[in-house]
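Okay, structure first, notes after.
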Amino acid sequence: MTLICLTLAWTLGILLGRWLSPPLWTLAGLLAMASVTAVAVRHHLRALLATALVIAALLGAGRMALAQPRFDAGDLATYNDLDQPLTLRGTVSADPDRRSTYTQLQLSVDELLDEQGAHPVHGRAVLNVPAYPAYAYGDRLEVTGRLETPPVLDEFDYREYLAGRGVHSLLRRAQVSVLEGQGGVGLLRGLYNVRLALRAAVERTLPDPEAGLLTGILLGMGHTLPEELDEAFRAAGLSHIMVISGYNIGLVAVAVLLVTRRRLGIWPALALSLVGIALYTLFVGPSAPVLRAMLMACLLAGARFAGRKSHTLTTLAATSLIMTAINPHYLWSVSYQLSFAATLGLVVVEPVLTRRLQAHMVRDADPDQAAHGSALVRDVLLVTLAAQLATLPVMWTQFGEMSLVAPLANALVLPVQPAIMLLGAISTLLGALWTPLGQAAGWLVWPFLRFCVWVVEALGGLPWATIALPRLDGGLVWGLYAFVMAWMVWRRPRKVKLPASEREPSPEARRNRVVLAGLALAAVLVWGGVGALPDRRLHVWVLDVGQGDAILMRTPGGATVLVDGGPDPALLAARLGRILPFWQRRIDLLVATHADQDHLAGLLPLVTRYEVGLIVEPLGMQENALRVQWDAVVSASGAHVVRLSRGAEINLGDTLRLQLLNPSQRAGAMPVSDGNAGSLVLLASMGEWRMLLTGDIDAETEAALIASGQPLRATCLKVAHHGAGTGTSADFLEAVDPQVALISVGADNDYGHPAEQTLARLAAADVRVYRTDECGTLEVLTDGERCWVRGAY
Amino acid sequence: MNVAETRHRTQTQALDLLYPPHCVACERVGAWLCDDCAASITPLPTACCPRCGRPMPTSRLCRTCRGRRSPLQALRSLGSYTSPLREAVHALKYDGLAALADPLAALLETYWRQAPLPVTVLAPVPLHRGRVRYRGYNQAALLASAFGSRVGLPVVEDCLVRRRATRSQVGLSVADRHANVNEAFCCVDERVRGERVLLIDDVCTTGATLAAAAQALLDGGASSVWALTLARAPFATVR
């Protein structure tokens, strides 16, 4: 208990130190006085303890004072907010945070370049760069951009957040060039490379968003899910399963112990499991929850070495003391607060709940049932309830909301986590060795992941999933919290004596359970497979990928065609994963109509995630930055590329025919500057049914198409350029004479798409209009004669 | 106070700060087995078979023991194997709480002082080498050395050894238990020759292990063998 009090005093000292920011010499003076007092009262236990508390508080204040950023002449932050762009050199000092559409780099800057030459500086900056080309930890870069002080946003103190990471500058609009690679610490570089390879293996073996979920659960690489799913995770109170935490660390430790203890004995096995935990910590990155779990594991192992048992609350206090001594800014970090509050819930709140329940059950039921029943309720419900209650003030002060469905969601999802980790690790490792092997193993883990996503979507999507909490003063919330926690520790109910049940489940019962689980898994897989079999119809999906185009086709024979990919790779991957059967890792034909962000960006990572049969590009696709990245990605993947123009024709399994109507250039033509006009225009046909895919063409190109005399008549029209007013002229509509028009457009987009006049022209031509911003993903089915359209996929 | 003692005390205080002793049964901070819980240990019935501990109307040999020659002179236990002794033995054996050995030895000492047995040396029931490595220590040896230094009796370790790794006795019937540990022990040197040996162990259920160890000690030249364990499993638990 002494250490708990000392930690509280130390923490209070840090808070006061930040609030009052006393000068260091005052603190030193007070500290000297307190030390003298301590020596004087060393024989009076209570007085000594009181003095020790004062000393702890003073030390805490001192630590905070030392941690306040002080910018001297050579510090990078002194160059913040200047008017002109600066050129800096530095090394990428952390594994790049690869998001779906961009990558965030942390740069440890050491040189500032100007007309006079290079000046030594020191400090860190973060900068956002495009997802391609990819940078790695240890790359030495030269960057040019504007340095800014990180902003304090309404909802989120970004400055404090970055300061906690030792970063005091943002670099905006950065131009980056690589000077040399292979810097940094070799071990870390190796670990990060392994992690990247494993992530690639996951993405090759599983469809999205399940692959994104697994990378989060297993590798600690978050931010790979589409934003809407991230939102659903938060609403369902399940974001924490995407964070590496004590659970993973514990699993690593137990796995190493299990494998080595019998052979080597306890002490070498313990030492090895600590090494394993340390490596895993480096592997997934030392975030606050990981560091907390690692320190607690070390302290637990230390107890074993000392022949003692750890007192969990004291261990938690010691961990907090060590972490805030390393970096007092942790106290203001959300992940640190959540991690500690959740652990506190498990240590303090859960026993209170469980013992209350047990006391009731012992009174009302027979003791053996009470033992079993309470263990079940505890595992399923009370643990998550305790964690949620304990993290409530963090959710309150930081997010201002509370998830109502979290207890249910957690109770459903947590029991399958061990299976996901185990099967996921196996399929990932196999997938890294040989992709088909990993894919086969991936079928086992996929149903579990799918189940999690299903729970998240079902519960997180409920309108009342979260409730907003009234804004309250943070100090008040935390004060109340401290009081409740202290009361719970103080008035802790005594352990209820339950008969120690030594009844293990019999081997038969255990075997039956495994067989049952296996049968259920097989049934899920078979039904999933049957539902996804080709049905002798052509399916065309206009995918809801926000503001952009992505159109997927599956022929009656099962061949797949994807035309464009929208702006966001994660969103595209999630949409594909939802429609294609989970084992399908091949796209037979990939068509890029032109190189604009909202058509091409989503396709870049897809080339490595799926096996692609053939890539079709328009002849003379525009040469923008994205095109350069696309060419690099495609040539690295080894996929076959053809550049086609008017007159070309592609037949898929002699049912679906694709005719190319645009661009009109001949081979060897110069690249066009206007990408939209150079868009591939496709006429897809099966039997009597036709669909015209128009890319982003405008009225001028439409006129050229009419003039070319090519057949334009089609049942369905993919409206050009998301319904922009510059295209879909009345003449063109007359020439195509569609019955159905499909518009792929993002809700509330910045461009005002679709334009009023376009909609008016469509209405005048008596065309049924379906829009992805209203209906979600649209599906067109045809058997070659009749045609159906379905929305809200 | 000499240097080693001071160092030991400082070390203990530091460890107490980081890993404060808390009761294995009720979790109250202060001691590894708090006084309340220690007082609630269920003593064995006073009238019982002196050899196997079976509750009897009078303290005479029970029918089974009368029919079977036992190598043990007498078998004593501090209390029955129920809460809180059960938690204590579990913590000592399975949770690595070696620090609990001394408080438990202190309880044994109090119990011993009431009616000491005429023994000359102590011998812990050994574990197989692999099991010691797996667990990190032999809990019976920890108990024996703490108990020995308290009552002033020498501990003879590593004379009696377990020569084969027997499977756990948990879940076996009485006959199977005897068969399981039969010939499992032997003496490797002459240190117990002519001694009156007190075997120390944590738990005794049917006495099969103790009997086998006692036979090995007698074969090694001990003049008589007695036994003291922390806990004694209630008779009903073994069929």
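The values are calculated or read from the model by the stated rules, or taken from the named source; none is laboratory data. All of these numbers come straight from a predicted model, not from anything done at the bench. Neighbour counts are summed over all protein chains in view; Cβ atoms, including those assigned to glycine, are modelled from backbone coordinates with ideal geometry. Side chains included, ligands, DNA and RNA excluded: accessible areas come from the protein's heavy atoms. Shrake-Rupley method; radii C 1.70, N 1.55, O 1.52, S 1.80 Å.
Okay, here's what the table says:
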{"item": "0 to 90° range, to nearest 10: angle between helix B:208-219 axis and chain B longest Cα axis", "result": "80 degrees"}
{"item": "For B:10-20, mean number of other protein chain Cβ atoms within 10 Å", "result": "5"}
{"item": "Ordering of B:196-206, A:151-161, B:11-21 by packing [mean C-beta count within 10 Å, highest first]", "result": "B:196-206, B:11-21, A:151-161"}
{"item": "Protection proxy ranking of B:36-44, A:200-208, A:50-58 - average other beta-carbon atoms within 10 Å, highest first", "result": "A:200-208, A:50-58, B:36-44"}
{"item": "Helix B:3-18 axis, angle to chain B major axis (alpha carbon atoms, nearest 10°)", "result": "90 degrees"}
{"item": "DSSP-defined beta bridges in region B:42-237 - what % are antiparallel, rounded to 5", "result": "15 percent"}
{"item": "Mean Cβ count within 10 Å, highest first, over the residues of peptides A:417-428, A:176-187", "result": "A:417-428, A:176-187"}
{"item": "Top of B:S83, B:S168, B:S149 by mean-square fluctuation, Gaussian network on chain B, Cα under 10 Å", "result": "B:S168"}
{"item": "Mean separation of Cα contacts under 8 Å (6+ apart) over length of chain A, as relative contact order %", "result": "9 percent"}
{"item": "Crossing angle, helix B:101-114 versus chain B [Cα axis fit, 0-90 degrees, rounded to tens]", "result": "60 degrees"}
{"item": "Vicinal HN-Hα couplings computed from phi for region A:591-607 (Karplus, 6.51 cos²θ - 1.76 cosθ + 1.60; Hz; Gly/Pro x)", "result": "10, 9, 6, 6, 9, 6, 3, 7, 10, 9, 4, x, 7, 4, x, 4, 4"}
{"item": "With eigenvalues of the C-alpha gyration tensor scaled by 5 and rooted, region B:42-237, Å", "result": "21, 20, 18"}
{"item": "Formal net charge of residues neighbouring A:I266 (Cβ-Cβ distance under 9 Å; K, R +1; D, E -1)", "result": "+4"}
{"item": "Gaussian network model of chain B, Cα within-10 Å springs - most flexible of B:G67, B:G152, B:G221", "result": "B:G67"}
{"item": "Buried solvent-accessible surface, both chains (B, A), 1.4 Å probe, Å² to nearest 100", "result": "2600 Å²"}
{"item": "With every protein chain in place, region B:42-237: carbon and sulfur % of accessible area (1.4 Å)", "result": "52 percent"}
{"item": "Sum of side-chain charges, B:G221 neighbourhood, beta-carbon under 14 Å (Lys, Arg +1; Asp, Glu -1)", "result": "-1"}
{"item": "Per DSSP, loop GluC sites (Glu not before Pro) in region B:167-208 with at most 16 further Cβ within 10 Å", "result": "B:E183, B:E190"}
{"item": "Solvent-accessible area per residue for the protein assembly as shown (1.4 angstrom probe, square angstrom)", "result": "47 Å²"}
{"item": "Cα centroid separation - region A:595-630 against region A:86-152, whole Å", "result": "27 Å"}
{"item": "Protein-protein interface of region A:305-319, residues with accessible area decrease of at least 50 Å², isolated chain reference, 1.4 Å probe", "result": "A:G307, A:R308, A:K309, A:H311"}
{"item": "Minimum 20 Å² accessible area buried by the other protein chains, region B:117-137 residues, probe 1.4 Å, relative to alone", "result": "B:R133, B:Y134, B:R135, B:G136"}
{"item": "222 nm mean residue ellipticity, helices alone, for chain B (DSSP H n ≥ 4; -39,500 (n - 2.57); rounded to 500)", "result": "-11000 deg cm²/dmol"}
{"item": "Antiparallel content of DSSP bridges confined to chain A, in %, to 5", "result": "70 percent"}
{"item": "Accessible surface of chain A, 1.4 Å probe, proportion on carbon and sulfur as whole %", "result": "61 percent"}
{"item": "Residue-averaged 222 nm ellipticity for chain A, from DSSP H runs of 4+ at -39500 (n - 2.57), nearest 500", "result": "-15000 deg cm²/dmol"}
{"item": "DSSP H segments from chain A that extend 20 Å or more along their own axis, Cα-based, with Kyte-Doolittle mean of 0.0 or above", "result": "A:2-20, A:24-40, A:45-67, A:186-205, A:246-264, A:266-284, A:288-305, A:312-326, A:417-433, A:435-460, A:474-490, A:507-531"}
